[in-house]
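Undergrad: This is the structure I want to talk about, given as structure tokens.
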Amino acid sequence: MNWRNGCIGAAAVLLAACGSDEEPKATNAAPEAEAEKTAAAEPETWGFALEEIEGSVQYEYGAKFAELVKEKTDGEVEVKLYTYGQLGGLTDIYDQVQSGAVQFAFGSGFLGGTVPESQLFSLNFVLTDDEKTNAEILNAPEFRKNEDLVASFRERDLQPLAIVPEGWQVWSANKAVRSPADFDGLALRTMDNRLLRETYSAYGADPTTMEYGELFSGMQLGQLDGNIQPIFAHQEMDFYKVQDYLIFANQAEFIATFMANSPWYDGLSQERKDVIEEVVTELVPYTHDVQTRLNTERLDIITENSDIELVYLTPEERAVFRERSLPVRDVFSEMVGERGTRLMNALLEQVEKAEADKAGMAAEQPAAEEPEAETEEPAMDEAA
């Protein structure tokens, strides 16, 4: 037995020395090459921080953005969404996109503390009465790529990419509000935004700042008399359950700016920048349809599950509030200086042009012809 094992061992040594007909199999021969191949196969990840929860307008926007980016880059880029709370509060989100910890974020009312010029979107009675037209105006190159708008963000290491209207801001209260007199002494929650405080003070209300997460209990306990939110937020957060009226004045839309970290954006290839531009352009009509659907569905849920009353202001009632809002434009100019004032005037010009174009198109439409009156056949005499 020992002799046999010895022969086998000798034969093995001989084969090893002389070689064999089979090529040797590589076993981890090039670990660096394998690692590079694996790394190349992994998609690039872009982080996107939202101010809202799943099911919101911002979430729907983010999900579609991620889908289109992945499609247009053939899977080379994936976008990871972070819903509100995952990265902290609103100011935490802005800090992280400014520092480059995430590549993208949304910024709305609270962003005024970081980019004062963005408070332009909090001004009342600036946009048209048509939400689709507003979305088109805000995202047209003439405004979205306005030098003053871009510079105001880039000074804070941010690159504005798109402006996203999420629906009309709707007042809620425990009484019907149809005039400034109805706002007298009413503790109305506003974001920590000077422009909003000035606006609602002009309307006669008592603007009160409170954290978003404390709003429901604040209204339930009577610390607040009213609130300002788009319809989907009233429903998502159950605010309507502790209020008696929803008041539609169409004074302003809730508007968020989709933005990127500018140093990161500047380092992208032109191909990647083109993808982002294509996607945000495609998302303008898509997001308008999304916000319309969500706000309509949520209003139906509210009315089906409560006795809340809906109040729609007449054009005459809106005109009174509009007149009260005009001096706040001067406050905005005082706050942001010449650049912000130029930006406001640029937006007002675009709105005026859109309304003039709409009026011109209406005038060109031929008047509907009235149908000719049908002549009745004379009744036959039965006796004939």
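Undergrad: Which condition breaks for E52 when tested against (1) more than 30 Å from I228 (Cβ to Cβ); (2) surrounded by 13 or more Cβ atoms within 10 Å (Cβ to Cβ)?
TA: In the conditions (1) more than 30 Å from I228 (Cβ to Cβ); (2) surrounded by 13 or more Cβ atoms within 10 Å (Cβ to Cβ), E52 misses (1) alone.
Undergrad: While we're looking at this one, here's another question. What are the residue pairs meeting all of these: first residue in segment 138-164, first residue farther than 17 Å from F106 by Cβ, second residue β-branched (V, I, T) and not in a helix (DSSP H, G or I), Cβ atoms under 8 Å, and 6 or more apart or on different chains?
TA: F143/I163
Undergrad: Looking at this structure, is L120 at pLDDT 95 or above, hydrophobic (A, V, I, L, M, F, W, C) and in a helix (DSSP H, G or I)?
TA: Values: at pLDDT 95 or above: yes; hydrophobic (A, V, I, L, M, F, W, C): yes; in a helix (DSSP H, G or I): yes.
So L120 passes the test.
Undergrad: With respect to T83, is the statement that it is surrounded by 15 or more Cβ atoms within 10 Å (Cβ to Cβ), among the hydroxyl-bearing types (S, T, Y), closer than 16 Å to A256 by Cα and without any contact (Cβ under 8 Å) to a residue 40 or more places away in the chain true?
TA: Yes: the conditions hold for T83.
Undergrad: Mind checking which helices (runs of 4 or more DSSP H) fall wholly inside segment 257-346 and carry at least 1 residues that are in contact (Cβ under 8 Å) with a residue 24 or more places away in the chain and over 29 Å from V102 (Cα atoms)?
TA: Helices (runs of 4 or more DSSP H) meeting the threshold: 270-304, 315-325.
Undergrad: Also, I was wondering about something else. Given the criterion charged (D, E, K, R), surrounded by 18 or more Cβ atoms within 10 Å (Cβ to Cβ) and within 25 Å of the chain's Cα centre (by Cα), identify the matching residue among R329, R324, R293, R342.
TA: It is R329.
Undergrad: Continuing with this model, one more query. Which residues, counting only those in segment 209-232, are under 19 Å from R298 (Cβ atoms) and among the hydroxyl-bearing types (S, T, Y)? Give the derivation first.
TA: Here is the first cut: in segment 209-232, the ones under 19 Å from R298 (Cβ atoms) are 212, 215-216, 219, 226-232.
Answer for segment 209-232, where residues must be under 19 Å from R298 (Cβ atoms) and among the hydroxyl-bearing types (S, T, Y): just Y212.
Undergrad: Give the residues of segment 179-214 that are small (G, A, S) and closer than 25 Å to V115 by Cα, sorted by residue number.
TA: S201, A202, G213, listed by residue number.
Undergrad: Of all residues in segment 203-235, which are within 26 Å of R322 (Cα to Cα) and surrounded by fewer than 20 Cβ atoms within 10 Å (Cβ to Cβ)?
TA: G204, D206, T208, T209, M210 - these are the residues of segment 203-235 that are within 26 Å of R322 (Cα to Cα) and surrounded by fewer than 20 Cβ atoms within 10 Å (Cβ to Cβ).
Undergrad: Let me ask you something else. What residue, among those in segment 73-96 that are of a type in the set (S, T, N, Q) and over 23 Å from R156 (Cβ atoms), is nearest to the chain's Cα centre (by Cα)?
TA: T83
Undergrad: Now for a separate question. Collect the residues in segment 226-250 that are in contact with a strand residue (DSSP E or B) (Cβ under 7 Å, 6 or more places away or on another chain) and among the polar types (S, T, N, Q), keeping them in residue-number order.
TA: N227, Q229, Q243, N250
Undergrad: If G113 satisfies all but one of (1) more than 19 Å from E211 (Cα to Cα); (2) surrounded by fewer than 18 Cβ atoms within 10 Å (Cβ to Cβ), what's the number of the condition it fails?
TA: Every condition holds for G113 apart from (1).
Undergrad: Quick check, is G113 at pLDDT below 95 and over 11 Å from L50 (Cβ atoms)? Spell out how you get there, then give the answer.
TA: Working: at pLDDT below 95: yes; over 11 Å from L50 (Cβ atoms): yes.
Yes: the conditions hold for G113.
Undergrad: Within segment 184-202, take every residue that is within 15 Å of L246 (Cβ to Cβ) and of a type outside the set (D, E, K, R) and give me the one that is surrounded by the fewest Cβ atoms within 10 Å (Cβ to Cβ).
TA: Checked segment 184-202; the qualifying residue surrounded by the fewest Cβ atoms within 10 Å (Cβ to Cβ) is L186.
The values are calculated or read from the model by the stated rules, or taken from the named source; none is laboratory data. Predicted, not measured: the structure shown is a model, and the values here were computed from it. Using ideal geometry, Cβ is built from the backbone for each residue, glycine included, and neighbour counts are taken over all protein chains shown.
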